[in-house]
Structure formats: structure tokens, C-alpha cells
Amino acid sequence: MNRRKLLIAGAGALFAPSIVRAQAKYPERPIRLVIPFPPGGPTDIIGRMTAERLTALLGQTVVVDNKAGAAGSIGAVEVKNAKPDGYTFLFATSSTHAINPTAFTKPPYDPLKDFTPASSICVNPLILVAHPSMPDTLMGMVELMKKNPGKYSYGSSGTGGITHLAGEYLKASVGGMDVVHVPYRGSMPALQDMMAGNVVWMFETISTSLQLHRSGRVRILGFAHSTRTPAAPDIPTIIEAGVPGYEAYTFNLILGPAGTPLAMIDAIDGATRKLMTEKAFIEALQKIAAVPTVDTTPQRTEKFIKDELAKWAPIIKAAGVKIE
């Protein structure tokens, strides 16, 4: 019996190093990071920044693969259906994991059951931008809207998108503001029509509007986050401007297919934690008004998804958004 125990112990000692070495090899080949939107947009820019730094930290190439369409759902389904071997991840967004699961009449995936959270990168808060003819404070504009029900319109980049829902969330937050939603096919047409005075306010990213604000062509009334952005510290948060608790943003998370091995998730988590200590990466995010995630862990990422789904579901339903 003792001899048998010694043999088993010896076998364990023999094979244990090989197991450690096998795990230590990950990743052995390039990792694919699916970005569910076209090249050139904020999600793509942040995704490519992240892929570049993770390549250095993991010692293996992280390849960006743009799979755009259906408000990010095509890319999400691509990852849902991928082999859960740690070599395919989704650069998830507010569209894929906060809006689509409720807005779609027949969602093509479950945002929690079909994915394995790996890490969080950042949130990208929106700004409330208005025509220069509007009052110079957010609550001043709200009061004007309330005194003139149905007279004014606000724009968005499209029905069911985050800029539309942020507008509906603001209406719900301040109460009694009867203002018509006008959807456009993208942010730039909406912004151009707002500058022409055809709609008088909208939510947008700060990168598209900051210079217009500084030149006086539009007026930014608030930043939709709990803290001001270093990119424009003079702009108050919407909370400071008078709407308690108001935050509206896109976000970027890294998720694998359901069943991705824990060892691979831990490797991505560990690399992301190191990434969030890199001053240059943090400053690059802040330069475009993105807010780096402090707690990037898989557990926090899962909770974040649940919280965002719960936050936006009632707004989506109240707005009557149904995407076929």
C-alpha cells in the first residue's frame, strides 16, 4: 500500500510540471477580438488601442476583427457561436449588452448565459448638446421645454440607440417634459440639423461636439457621468447641472463565449489589470473623454452587465422600442 502511494505521488510530481507548462503557454496563437461595429468609430478606436496593448502584455497578437451590423448583434452572435477555447472574444458595448436584449423582439443571444465575462475597459459618457438659442443651463432648458409642451424636438442617431434612450432617460428623470424625438440615420446628420435649429438638443459623444461648443456653434450643457472629464473640466456633469443620479454612456467589455476556460479568462483579466496601471493608456482614454474602469474583474464585469440591463430595460419599454 505504501509503495502504491509513493508511485501515485511520484506520478503526480512527474505530471504536475507539464500541466503548469501547458497552462503557461496560453496564448499559443493569435487571439481574435471581435469589434461589433465598423472601423473608425469610438468602439473601434478603443478596441484597437486595447488590442495593441494586450498584444504586448500577453506576448501574442490580438487581432481586431470588425463584424458590424444589426446594432452590434452580428458580432455578438459571431462570438456566441465561436469555440470557447480562449481565442475569440467580443469587445462588447451598450448596444450588445444593455440595449439589444430588451429592444429586439427576438434577441439572437442571451447577454449573460451565452458569454463569459473576462474584463472591463471603460465607459464613454455622452454629453447633452443644445442649439445656441437654448438657455445656457440644463435646468433652464428643461423649464423652457415644460412651459412649451410639444413645441420642441430633440434628435438622435436612430431609434433604439443609446443617444435616443439617453434622451428618454432624461425626460423620465426630470418629469413633465413633452418633447418630440426625431431619429436620424447617424449622429452627424442629427448634429447638422440641430445646428440648423430643426431640433434643439441631443445626446452625443464629446469628441464630435467639443470644438463646435468652443466655437459657439453648439452649447454643451452637461457630461453624463458622476465626475467631470479631464478632456473638458469646465463642463459640469448632468448631476451637477440638476438631475440627481443621471449617467448615460456607452461601454466596452471583453467577453468570451460561454464555457471559455477559467485559466484563459484569468489570463485576460490579469493582462487587463496590468493595462489599467499604464499611464499612457489611461491618458489616451481620458483624452477622448472615456473613463477607465477601476475594477476590471470578471465578477465586476458580470455585475455591471446585470445592472445596465436592469437600468435600460424600463426606459426601452416605456419608449416603445421594438426592433425586428
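Values for this structure:
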read-out	value
Test: residue in the stretch 240-258 that is out of contact with any Lys or Arg (no Cβ under 8 Å at 6 or more places or on another chain), in a helix (DSSP H, G or I) and of a type in the set (A, V, I, L, M, F, W, C)	no
Of residues in the stretch 144-178 being among the polar types (S, T, N, Q) and part of a loop (DSSP other than H, G, I, E, B), the one farthest from the chain's Cα centre (by Cα)	148
Which numbered condition residue 71 misses (of (1) in a loop (DSSP other than H, G, I, E, B); (2) at positive phi)	(1)
Residues of the stretch 99-143 satisfying the condition of being of a type outside the set (A, V, I, L, M, F, W, C), in a helix (DSSP H, G or I) and farther than 16 Å from residue 161 by Cβ	140, 143
Test: residue in the stretch 79-92 that is farther than 16 Å from residue 110 by Cβ, open to solvent by 60 Å² or more (accessible area, probe 1.4 Å) and acidic (Asp, Glu)	no
Any hit, the stretch 240-247, residues being open to solvent by less than 40 Å² (accessible area, probe 1.4 Å), among the acidic types (Asp, Glu) and within 18 Å of the chain's Cα centre (by Cα)	no
Count - residues of the stretch 216-231 that are closer than 16 Å to residue 170 by Cβ and of a type in the set (Val, Ile, Thr)	1
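The values are calculated or read from the model by the stated rules, or taken from the named source; none is laboratory data. Predicted, not measured: the structure shown is a model, and the values here were computed from it. No Cβ is skipped: glycine too gets one built from the backbone with ideal geometry, and neighbour counts run over all protein chains shown. Note: accessible area is taken over every heavy atom of the protein model, side chains too, but ligands, DNA and RNA are not part of it. Shrake-Rupley method; radii C 1.70, N 1.55, O 1.52, S 1.80 Å.
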